[in-house]
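K.L.:
For reference, the structure I am asking about is given below.
The values are calculated or read from the model by the stated rules, or taken from the named source; none is laboratory data. Keep in mind that what you see is a predicted model, and the values were worked out from it rather than measured. Quick reminder, even Gly has a Cβ in these numbers, built from the backbone with ideal geometry, and neighbours come from all protein chains shown.
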Amino acid sequence: MKPPAVDEKDDAQAKAARDAEFLEEARERFELAEKAESLIRERGLDDLKMRAGDQWDPDMKAKRLKQKRPCLTVNRLPQFVRQVSNDQRQNRPAIQVSPVDDQGDPKTAEVLQGLIRHIEYDSGADAAYDTAFNGAANTGLGYFRVITEYADPMSFDLDIKIKRIRNQFSVYIDPDAKEADRSDMRWAFIVDDFSEEEFEARHPDAEVCKDKSTWETARQVAPSWMEGKQVRVAEYFCMTTTKATLLMLADGTVLLEDQLKRALEINPEAVPPVVLKQRDTEIPAVRWCKIIGTEILEDTLWPGRWIPIFPVLGDELEVDGQVILEGVIRHAKDQQRMLNVFVSTETEAIGLTPKAPWIVAEGQLEGREKEWKASNSETQAFLTYKPTSLNGQPVPPPQRNFAEANTQAITNARLLVQDDMKALVGIFDSALGQHSNETSGIAIRARQNQSGTANYHLVDNLTRTIRHLGRVLVDLIPKVYDAPRVARIIGEDGTEKTVWLNQKFKDPNTGEELLYDLSIGKYDVRVTAGPSYATKRQEAAASMMQLAQADPSLSQKAGDLIVKNMDWPGAQEIADRLKKFLPPQAQDEDKGGGQIPPQVQAQMQQLKGAMDQQSQLIDQLTKALEDAQEKLDSKALEIASKERIAAMQTQADLLKTWATLDQKDSALAMQAELEQIQQALARLAQPALQPSALDDQDTPAEPPMAGGMPMAQGMDTATGGGIAPGTPEPGRMPGDMSQGLPAASAPGSPMETP
């Protein structure tokens with residue numbers, strides 16, 4: 001069965017409808033951003049004009065110029081802005097990468113960090129950071145961005161670049177973004193205006209360039225995008241989401257259901273894995289388009305998960321739902337205008353002092369008016385006048401009417417205004433390099449720290465933005481550097497080395513086999529701000545010199561390290577030479593010890609061969625010893641087993657013998673006990689003794705109880721049985737007692753006493 005035919009016309013119409021809807025949404029979003037940022041842009045533009053020196057009110061300036069009065073500008077604002085921005089340049093934020101899960105590798109994190117340094121160096125990222133920071137200091141808002149471009153015209157490898165945005169007013173972002181670094185923005189625009197001729201030269205294949213009627217139609221659809229002969233071209237970023245099902249397999253692997261289906265389609269014989277969990281999710285993606293108001297010129301997907309536009313904010317306020325962004329100079333603009341007026345007034349007052357008007361009588365300058373008018377602008381050797389007036393009366397010569405201006409008050413007001421400006425921007429005399437009341441170094445540093453603290457929020461906002469940049473780069477690098485390739489990484493001290501990405505290779509220094517797979521593991525980013533490595537070296541050298549002055553012996557122990565950290569030509573060579581004079585235990589040679597002479601290498605090779613032979617011999621002897629020991633252990637086990645069996649047999653015989661003897665002893669003991677009981681019963685049967693026989697004896701005490709009964713005399717009181725001392729032997733009684741024995745005790749009975 002043939003597949004149904006595809007109507008290309010219907011597909012083209014559907015695509016045109018989708019594009020029209022997409023462009024309409026883009027125009028609405030642009031108008032929304034333009035309206036939301038109108039106050040920010042208005043005030044920011046005024047700040048920028050003040051910073052550039054356009055500080056006079058247009059009406060006042062026109063009036064003063066018409067009157068030929070001075071209209072001076074003493075612009076002190078750039079000094080304050082440079083103080084803040086140059087302090088930031090001396091303490092640049094640095095991105096640091098560290099692993100956060102069990103699959104992350106510290107060495108791979110170091111490679112990622114080195115790649116980020118290489119991207120910053122190759123892109124000239126310092127210019128991007130400085131431009132954005134200057135925008136925040138001047139107007140409260142600045143931007144930079146990240147792009148990808150081919151490494152060279154003959155390569156398919158992409159490189160990541162950090163670029164500056166010189167005009168911060170060309171960026172429009174989602175006003176609903178709330179994060180301090182605006183990382184949650186859903187859309188953004190970067191716009192630029194071109195003339196029709198330049199646009200046609202850049203985009204000759206655009207639909208709008210086909211004929212003049214298309215231009216007119218486009219102006220009617222998007223009038224704000226095509227004003228006059230200008231065309232607005234915008235890079236439009238927007239977030240899109242795709243619904244999907246997320247699966248967790250029995251082995252802990254997490255993947256999308258579509259990925260699992262594709263894998264099973266590729267390998268139909270594979271056994272489907274066990275799915276433990278599943279849930280619905282939304283996969284974010286960033287769409288990038290270059291558009292005009294009525295047409296999509298270019299369209300693709302950005303490989304990262306965030307929109308690659310990075311704002312640097314100034315002081316952020318929200319008043320009645322309106323966001324306000326302020327820079328350093330926002331609240332010092334009125335004082336700057338006052339300073340200009342005071343300086344102009346002071347200049348005017350001082351400059352007009354020698355040009356006081358002449359006081360003359362009527363008729364004194366008749367015929368010489370031009371000569372006297374030029375007296376204030378030209379140097380005259382002499383001036384003539386008529387000594388009499390028109391009515392013939394003599395008058396004195398013309399005189400100037402001097403009126404000294406009160407310049408002292410103007411000067412005091414100007415100084416007060418300058419102090420107000422310093423207080424408003426938070427930068428004081430000590431930070432500006434001027435002398436103040438502080439005399440000690442601690443007090444001067446404390447005042448300088450106050451100046452830095454007053455504007456530290458700008459540096460901190462830049463740090464937040466660069467931290468977000470680090471997250472974007474860590475997310476973007478595995479997607480751009482996704483194939484095996486050689487990359488250059490840069491260490492903190494500026495040293496460079498090349499590594500292979502996404503494939504195994506051997507380290508040329510250590511011979512270790514390494515694999516830097518950038519797609520495995522999860523990594524986090526933190527940012528530290530501080531002096532550069534070169535500055536740290538200078539500070540380290542200064543501290544070492546102070547320590548060496550306190551302990552002169554340190555120069556002999558670590559002189560090479562002190563010289564090594566000094567920043568002048570030949571320092572490394574001198575450090576290497578000093579290192580040779582150190583004691584052997586203090587010489588920290590590099591791993592590998594340098595290049596080995598060929599003779600030593602040959603001797604080491606021979607020694608290695610001999611050691612290998614010895615090692616083989618030792619292995620053989622060890623194996624023979626183990627075999628012999630195993631045989632001995634088996635024989636000993638056999639002997640031990642026979643001895644154990646014999647011992648057990650002997651023990652059994654002894655137990656039998658012991659049991660037989662034990663039975664005989666028990667019978668004898670029982671018979672003896674019965675005889676004792678029989679004797680006790682016989683004594684009880686005897687008649688009581690006569691009292692006369694006991695006159696010369698004490699009456700015996702009652703015998704103790706045995707089992708609750710009185711014990712018979714002659715029994716052992718300790719045991720309750722046995723014969724007491726002095727008792728007749730068993731079988732014989734005192735006197736003739738044989739007739740009184742019971743029948744059980746007669747001779748020949750079983751209980752007969754032996």
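K.L.:
Looking only at region 219-229, which residues are touching a residue at least 12 places away in the same chain (Cβ under 8 Å) and over 16 Å from V191 (Cβ atoms)?
P.N.:
Answer for region 219-229, where residues must be touching a residue at least 12 places away in the same chain (Cβ under 8 Å) and over 16 Å from V191 (Cβ atoms): V221, K229.
K.L.:
Let me ask something else. Going by the structure shown, is Q380 at pLDDT below 85 and among the polar types (S, T, N, Q)?
P.N.:
Working: at pLDDT below 85: yes; among the polar types (S, T, N, Q): yes.
For Q380, the condition - at pLDDT below 85 and among the polar types (S, T, N, Q) - is met.
K.L.:
Related question: Which pairs turn up if I take residues in region 452-474 that are under 23 Å from I307 (Cα atoms) and look for partners that are at pLDDT 90 or above and of a type in the set (F, W, Y) with beta carbon separation below 6 Å, at least 6 apart in sequence or on another chain?
P.N.:
Hits for this filter: L462/F133; T465/F310; L469/F310; V472/W306.
Matching residues to (1) buried (at least 23 other Cβ atoms within 10 Å of the Cβ); (2) in a strand (DSSP E or B):
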| position | (1), (2) |
| --- | --- |
| S98 | no, yes |
| G104 | no, no |
| E110 | no, no |
| H118 | no, no |
| D122 | no, no |
| A132 | yes, no |
| G135 | yes, no |
| T148 | no, yes |
| P153 | no, no |
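K.L.:
Name the residues in region 246-258 that are surrounded by 10 or more Cβ atoms within 10 Å (Cβ to Cβ) and over 32 Å from the mean Cα position of the chain (by Cα), would you?
P.N.:
E257, D258
K.L.:
Of all residues in region 323-359 being at pLDDT below 90 and assigned to a strand (DSSP E or B), which is farthest from I410 (Cα to Cα)?
P.N.:
I359
K.L.:
State all residues of region 77-91 that are crowded, with 18+ Cβ neighbours inside 10 Å and outside any helix (DSSP H, G or I); if no residue qualifies, say none.
P.N.:
Within region 77-91, none qualify.
K.L.:
Among the residues in region 141-154, are any farther than 21 Å from R485 by Cα and without any contact (Cβ under 8 Å) to a residue 60 or more places away in the chain?
P.N.:
Looking for residues that are farther than 21 Å from R485 by Cα and without any contact (Cβ under 8 Å) to a residue 60 or more places away in the chain, one finds none in region 141-154, hence no.
K.L.:
How many residues are in a loop (DSSP other than H, G, I, E, B) and under 16 Å from V343 (Cα atoms) if we restrict to region 55-76? Quick ask: steps written out before the conclusion?
P.N.:
Residues of region 55-76 that are in a loop (DSSP other than H, G, I, E, B), as a first pass: 55-57, 67-76.
From what's left, under 16 Å from V343 (Cα atoms): 55-57, 68-76.
Final tally of qualifying residues: 12.
K.L.:
Could you please give the count of residues in region 270-317 that are in a strand (DSSP E or B), within 29 Å of the chain's Cα centre (by Cα) and not polar (S, T, N, Q)? Please lay out each step first, then the result.
P.N.:
Applying the first criterion (in a strand (DSSP E or B)) to region 270-317 yields 275-292, 295-302, 309-313, 315-317.
Applying the additional criterion that residues be within 29 Å of the chain's Cα centre (by Cα) yields 281-288, 301-302, 309-313, 315-317.
Restricting the remaining residues to those that are not polar (S, T, N, Q) gives 282-288, 301-302, 309-313, 315-317.
Counting residues in region 270-317 that are in a strand (DSSP E or B), within 29 Å of the chain's Cα centre (by Cα) and not polar (S, T, N, Q) gives 17.
K.L.:
A further question follows. Suppose we filter region 178-193 for residues that are part of a loop (DSSP other than H, G, I, E, B) and in contact with a strand residue (DSSP E or B) (Cβ under 8 Å, 6 or more places away or on another chain); how many remain? Break it down into steps so the answer makes sense when it comes.
P.N.:
At the first step, the residues of region 178-193 found to be part of a loop (DSSP other than H, G, I, E, B) are 178-186.
Restricting the remaining residues to those that are in contact with a strand residue (DSSP E or B) (Cβ under 8 Å, 6 or more places away or on another chain) gives 180-182, 185-186.
Summing the residues that are part of a loop (DSSP other than H, G, I, E, B) and in contact with a strand residue (DSSP E or B) (Cβ under 8 Å, 6 or more places away or on another chain) in region 178-193 gives 5.
K.L.:
Is it the case that region 226-233 has a residue that's of a type outside the set (A, V, I, L, M), at pLDDT below 90 and assigned to a helix (DSSP H, G or I)?
P.N.:
No: region 226-233 contains no residue that is of a type outside the set (A, V, I, L, M), at pLDDT below 90 and assigned to a helix (DSSP H, G or I).
K.L.:
Filter region 194-210 down to residues that are exposed (fewer than 14 other Cβ atoms within 10 Å of the Cβ) and closer than 26 Å to I307 by Cα, then give me how many there are.
P.N.:
Count: 1.
K.L.:
Given (1) modelled with pLDDT under 90; (2) under 30 Å from R202 (Cα atoms), identify the lone condition not met by L264.
P.N.:
(2)
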